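Enquirer: One structure coming up, written as structure tokens, with questions to follow.
The values are calculated or read from the model by the stated rules, or taken from the named source; none is laboratory data. Keep in mind that this is a model prediction, so the values were computed, not measured. No Cβ is skipped: glycine too gets one built from the backbone with ideal geometry, and neighbour counts run over all protein chains shown.
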Amino acid sequence: MADAKVIPFDDDRSRGGALRPPRRRPPVRRKPEPVGTREVQVLPGAQEQEQGGAQMTREPKEPPVPRREAPAAGWDRRVAGGLAFLRRRLTGDYEIDDFGYDKELTDQVLMSLLRPLYEKYFRVEVKGIENVPSDGGALIVANHSGTLPLDGLMMQVAVHDNHPTGRHLRLLAADLVFVLPVVNELARKAGHTLACAEDAERLLQGGELVGVMPEGFKGIGKPFSERYKLQRFGRGGFVSTALRTGTPIVPCSIVGAEEIYPMIGNAKTLARLLGFPYFPITPTFPWLGPLGAVPLPTKWTIQFGEPIPTDGYPPEAAEDPMLMFNLTDQVREQIQHTLYKLLVQRRSVFF
């Protein structure tokens, strides 16, 4: 008889009782695996609790990664801002002052158009911006040059973009500016006004920065051989205005504008026929046509000098011709001296 396989039974089975379910074994607790080179942090101040002889630990949480805004979101905001700007322009929901100055249009459009010329083309370097007052009225007096009045526009951008408070410069312009079509409207929108004592006093009393170039057409229309030689500063009307309002005078020297259109001749007959104070002849204009009107990419420097206070004089000082002559000569000499100093420091006309 072959060997039979014996199947063990417990006592109950052997006694004819019911089959017991198999006995469950207690779960085996394994020790935590080593974390390796990753550091663990024990919770400070927590009571140690033992689980299988191991101390409870907590892995450090990594700092959240800042979410970067998608480029599309930035473009969405720009488009939304542009549409809102157009809506305000179409509905007339914007403000202008008594002189026609449109601050919103100047900041968002006109300054944006001039800024590439200021930053990339002429690469304007600004010095002494701390001499421009942070608040209140002040009269900025600068030299004038360049055949076309681009120096006034660049000075306007220099003040707005470099001053800590982003102040706006209100320029006093000649009569010719306000009789030219299109130019008239743009000048008014940019904050320019007629170069007269009444308008200048109103702006200064209102706490505005006012810019004036006393040389006028004599400065921008002088030949290239007389570059950086200041012309006569008129009769000192700007000094009288500063004395009446008690505002400081800030001399300003601009280097680089003289070379953008080197004026080698003046067609006076043609200028009289067109009603212009001069008709420039340069190495490129009118020989190259419209291409000759492109300015040369010279390197500019604009330096604001120390203010000359006027609030210490009595009210009748504005009618003293000798005082006005002395202050006018002081401002002129300070601008001329700074021009010579900047020319000595300049490495090149274009760099």
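Enquirer: Restricting to the stretch 78-105, name every residue that is in a helix (DSSP H, G or I) and either among the aromatic types (Phe, Trp, Tyr) or under 23 Å from residue 260 (Cβ atoms) (or both).
Expert: Listed by number, the list holds a single entry, 85.
Enquirer: Residue 311 fails exactly one of the following numbered conditions: (1) touching a strand residue (DSSP E or B) at 6+ places or on another chain (Cβ under 9 Å); (2) at pLDDT below 95. What is the number of that condition?
Expert: (1)
A quick yes/no check of all residues on (1) touching a helix residue (DSSP H, G or I) at 6+ places or on another chain (Cβ under 7 Å); (2) in a helix (DSSP H, G or I); (3) closer than 25 Å to residue 235 by Cα:
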residue: 273; (1), (2), (3): no, yes, no
residue: 287; (1), (2), (3): no, no, no
residue: 313; (1), (2), (3): yes, no, yes
residue: 330; (1), (2), (3): no, yes, yes
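Enquirer: With the structure loaded, tell me whether residue 147 is closer than 30 Å to residue 225 by Cβ, over 16 Å from the mean Cα position of the chain (by Cα) and surrounded by 18 or more Cβ atoms within 10 Å (Cβ to Cβ) or whether it fails that test.
Expert: Values: closer than 30 Å to residue 225 by Cβ: yes; over 16 Å from the mean Cα position of the chain (by Cα): yes; surrounded by 18 or more Cβ atoms within 10 Å (Cβ to Cβ): yes.
Yes, satisfied.
Enquirer: Tell me yes or no: at least one residue of the stretch 290-305 is modelled with pLDDT under 95 and more than 32 Å from the chain's Cα centre (by Cα). Break it down into steps so the answer makes sense when it comes.
Expert: Step one: list which residues in the stretch 290-305 are modelled with pLDDT under 95, which gives 290-293.
Narrowing further to those that are more than 32 Å from the chain's Cα centre (by Cα): none.
Within the stretch 290-305, none of the residues are modelled with pLDDT under 95 and more than 32 Å from the chain's Cα centre (by Cα).
Enquirer: Under 6 Å between Cβ atoms, which residue pairs at least 6 apart in sequence (or on different chains) link something in the stretch 202-215 that is closer than 13 Å to residue 152 by Cβ with a partner that is of a type in the set (Asp, Glu) and not in a loop (DSSP other than H, G, I, E, B)?
Expert: Nothing qualifies.
Enquirer: May I pose another question? Given the structure, is residue 325 among the aromatic types (Phe, Trp, Tyr) and buried (at least 18 other Cβ atoms within 10 Å of the Cβ)?
Expert: In short, no.
Enquirer: Take residue 109 and decide whether it is surrounded by fewer than 19 Cβ atoms within 10 Å (Cβ to Cβ) and either modelled with pLDDT of 95 or more or not acidic (Asp, Glu) (or both). Spell out the reasoning first.
Expert: Numbers: surrounded by fewer than 19 Cβ atoms within 10 Å (Cβ to Cβ): yes; either modelled with pLDDT of 95 or more or not acidic (Asp, Glu) (or both): yes.
Yes, satisfied.
Enquirer: Could you say whether any residue in the stretch 241-251 is on the phi < 0 side of the Ramachandran plot, polar (S, T, N, Q) and over 30 Å from the mean Cα position of the chain (by Cα)? Explain how you work it out, then say what you get.
Expert: To start, the set of residues in the stretch 241-251 that are on the phi < 0 side of the Ramachandran plot comprises 241-245, 247-251.
Those left that are additionally polar (S, T, N, Q): 241, 245, 247.
Imposing the further condition that a residue be over 30 Å from the mean Cα position of the chain (by Cα) reduces the set to none.
No: the stretch 241-251 contains no residue that is on the phi < 0 side of the Ramachandran plot, polar (S, T, N, Q) and over 30 Å from the mean Cα position of the chain (by Cα).
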